[in-house]
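Each reported figure results from applying straightforward, stated rules to the coordinates on display, with no laboratory input. Fair warning: this is a prediction, and the values are worked out from it, not measured in the lab. Cβ coordinates were reconstructed from backbone atoms using ideal geometry, including for glycine residues, and neighbour counts include every protein chain displayed.
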Amino acid sequence: MMKKKLIVILLFIGVTIWAQETPKDSIAIYRNNYQFSSEKQISIRVGGGIQKSFYTELGLALHACNYGDTGFFSNAIYTAFEWTPNKEKEIYGLKIGYEVNFFLLNLGLEAKYLTDFKERDFVFTPKIGLGLYGDVNIFYGYTIVTNNNPFSEKIGRHQLSIILNLNKHFLRS
């Protein structure tokens, strides 16, 4: 029953992101001899990382990149499904988050629901890292738990991850 609920929630969030209104792929504005362009697109989010054990994630992101004479800025709101393989019991997670990238610095915050279908936890993970145009990101995160950390032996609190936002901008580079 819990697996069905998790799948329905993931599909609902995915459909919600796809339904977002997106303007033209690229907009260029010239004001006072400054150039500014913006790209807003839906990206496929793929990632992997290490906590106390390996984990992977797959999801969708609404990714916006802003380029100008004064620098670069990007942000993404995303939802993803997380899977942590384990010999004893696999852990599944459904997450939603926000990331911002300016120059090389990345900041992010995500909230996720974790379960092994016996125990469950809702956690927040603030993240900091380095990124390249918001397309390739390396993050360090620290997990803040809300339910006495039932997965502390399997997951832990520290997280190191590599995230790719695959989109037209990333694929043509």
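In the frame of its principal axes, segment 38-170 has Cα extents of 51, 22, 20 Å, reported largest first.
With the simple model of a label 7 Å out from the Cα in the direction of the Cβ, Glu119 to Val100 spans 3.5 nm. Using the Cβ-Cβ distance between Tyr140 and Lys87 with R0 set to 22 Å, the FRET efficiency from 1/(1 + (r/R0)^6) comes to roughly 0.25. Among Lys40/Lys154; Lys52/Lys168; Lys40/Lys127; Lys40/Lys118, which pairs are too far apart, with a Cα-Cα distance over 30 Å? Table pairs above 30 Å Cα-Cα are Lys40/Lys154; Lys52/Lys168; Lys40/Lys118.
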